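**Student:** Have a look at the structure that comes next, please.
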């Protein structure tokens, strides 16, 4: 491969991405050799010596897994898989996906629990990322493709979502040992149904879900370091300025129990609430949660918030988790609140101290009662029977939320769970499809310093890949933002208290 191309790719990789590539190469390069890697050039040299860069296939896999699709266009030559070119195993890719989802608090728990398995504290303290922990576990004989029990035990003490990632890998047939699997109470369960209607019939098999990214994703901002600095510290005409701590308020309205009409209770929504609390807390927001509000109470809470001074705030975030219909969400009394009513307290006229600042709304609710259709991504496989059984708890938050934003309402973003007239899905065990993917991608973007629209593009892609009982879900952001917004992690007093506990 052309050395100039490799050098240009190395220039755009940061140290954490090089470390991730080294981890993905543990099956093809020696431990001794990997310890000598200081940058991408060192790694590429070792891969070339192993004849792993004779075509672009292996490097293509590596860059795709770490989600650097913006670099794939630089690769030249054949990217066809051959017997002479190994592939990055599903096992190692699964571990990388775990690493992306591990927050600092869970990393500390993992390191503590690893000490109970005979690993020296000195070695553990050298681990600064989850990939370091996984590598140490492999070197200590506690983790391999044939042994996942210790990993599962540790992850169960940290976050059930992490356990689900391992379980999905096992269910997909990538693991053939006798390691005991997680019990039914720990694995995700899905069912589907309109809150006003009985669930539709379920097909005996569900097509497999493809998780991984493909070329053509939105471009990352990481390569433009000057603009990234401008976005997070000083004034720049292309970026919203972030200079306050906390950055602003994140209001979460979580309607779970409904007393009016014939709306069902929204099981699983508390998982979304906790995910939003953790993620936006990590991004530097003061998170305020209101549960089970009637329509009038929703309006009153938003109007009261709009009357406050936002002089020391950079961003406002409002998340509404409820049922909905055309251009509205429901209060717990079954009455409607229009999307316009949600926004109006925060326009430039209603909240002058928010003028010129981004106002982000994320709405987990349906936009109608229509099920989206999609072509099957692959033929049914034996393991899809398990997917069918676990799919029996997908529910829908029926309702449509189209509402075009008018031009004078500048600096708004409405992140919708689904497109107009269609249903969105919520898992009664692990939360809604949209909110969970949104939280995941916000943390990924915080590390990579991607702008918000790039983040939401990835959310669109990942959610749209899924098959939910042979139906699709397509999120839809609507915005009048006038600049780019980059949300990076910020240590807050709330987060520090969480880590101490």
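The values are calculated or read from the model by the stated rules, or taken from the named source; none is laboratory data. Since the structure is predicted, the reported quantities are computational estimates derived from the model, not experimental observations. Here Cβ is always computed from backbone atoms with ideal geometry, including for glycine, and neighbour counts include all displayed protein chains.
**Student:** Would you check which residues across the stretch 34-53 are crowded, with 18+ Cβ neighbours inside 10 Å and either closer than 21 Å to residue 95 by Cβ or modelled with pLDDT of 90 or more (or both) and list them?
**Tutor:** Start the filter on the stretch 34-53 by keeping residues that are crowded, with 18+ Cβ neighbours inside 10 Å, which leaves 34, 37, 40, 43-44, 46-47, 52-53.
Selection gives 34, 37, 40, 43, 44, 46, 47, 52.
**Student:** Could you tell me which of the residues 455, 480, 418 is surrounded by fewer than 18 Cβ atoms within 10 Å (Cβ to Cβ) and modelled with pLDDT of 80 or more? Full working, then the answer.
**Tutor:** Details: 455 fails: surrounded by fewer than 18 Cβ atoms within 10 Å (Cβ to Cβ); 418 fails: surrounded by fewer than 18 Cβ atoms within 10 Å (Cβ to Cβ).
Result of the check over 455, 480, 418: 480.
**Student:** Still on this model: Are any residues in the stretch 280-297 assigned to a strand (DSSP E or B) and touching a helix residue (DSSP H, G or I) at 6+ places or on another chain (Cβ under 7 Å), and if so, which ones?
**Tutor:** Once the filter is applied, which keeps residues that are assigned to a strand (DSSP E or B) and touching a helix residue (DSSP H, G or I) at 6+ places or on another chain (Cβ under 7 Å), the stretch 280-297 yields 287, 289, 290.
**Student:** I need a count of the residues in the stretch 16-55 that are touching a residue at least 24 places away in the same chain (Cβ under 8 Å) and part of a helix (DSSP H, G or I).
**Tutor:** Residues that pass the stated criteria total 14.
**Student:** Within the bounds of the stretch 280-290, is there any residue that is more than 13 Å from residue 250 (Cα to Cα) and modelled with pLDDT of 95 or more? If you could, list the steps in order and put the result at the bottom.
**Tutor:** First, the residues of the stretch 280-290 that are more than 13 Å from residue 250 (Cα to Cα): none.
No; the residues of the stretch 280-290 include none that is more than 13 Å from residue 250 (Cα to Cα) and modelled with pLDDT of 95 or more.
**Student:** So is residue 216 at pLDDT 50 or above and surrounded by fewer than 17 Cβ atoms within 10 Å (Cβ to Cβ) or not?
**Tutor:** Spelling it out, it is not the case that residue 216 is at pLDDT 50 or above and surrounded by fewer than 17 Cβ atoms within 10 Å (Cβ to Cβ).
**Student:** Of the residues 398, 407, which single one is under 20 Å from residue 357 (Cα atoms), more than 20 Å from the chain's Cα centre (by Cα) and at pLDDT below 70?
**Tutor:** Unique residue meeting the criteria: 407.
**Student:** For a quick check of your reading of the model, give me the residue pairs whose first member lies in the stretch 101-121 and is outside the structural domain of residue 134 (by TED's automatic domain parsing), whose second is at pLDDT below 90 and buried (at least 18 other Cβ atoms within 10 Å of the Cβ), with beta-carbon atoms closer than 7 Å and at least 6 apart or on different chains.
**Tutor:** Once the first residue is outside the structural domain of residue 134 (by TED's automatic domain parsing) and sits in the stretch 101-121, no partner that is at pLDDT below 90 and buried (at least 18 other Cβ atoms within 10 Å of the Cβ) comes close enough.
**Student:** For residue 195, state whether it is out of contact with any helix residue (DSSP H, G or I) (no Cβ under 8 Å at 6 or more places or on another chain), crowded, with 18+ Cβ neighbours inside 10 Å, modelled with pLDDT under 85 and part of a loop (DSSP other than H, G, I, E, B).
**Tutor:** yes
**Student:** Separate question: Before we move on, is residue 490 surrounded by fewer than 18 Cβ atoms within 10 Å (Cβ to Cβ) and either under 26 Å from residue 159 (Cα atoms) or modelled with pLDDT of 90 or more (or both)?
**Tutor:** No.
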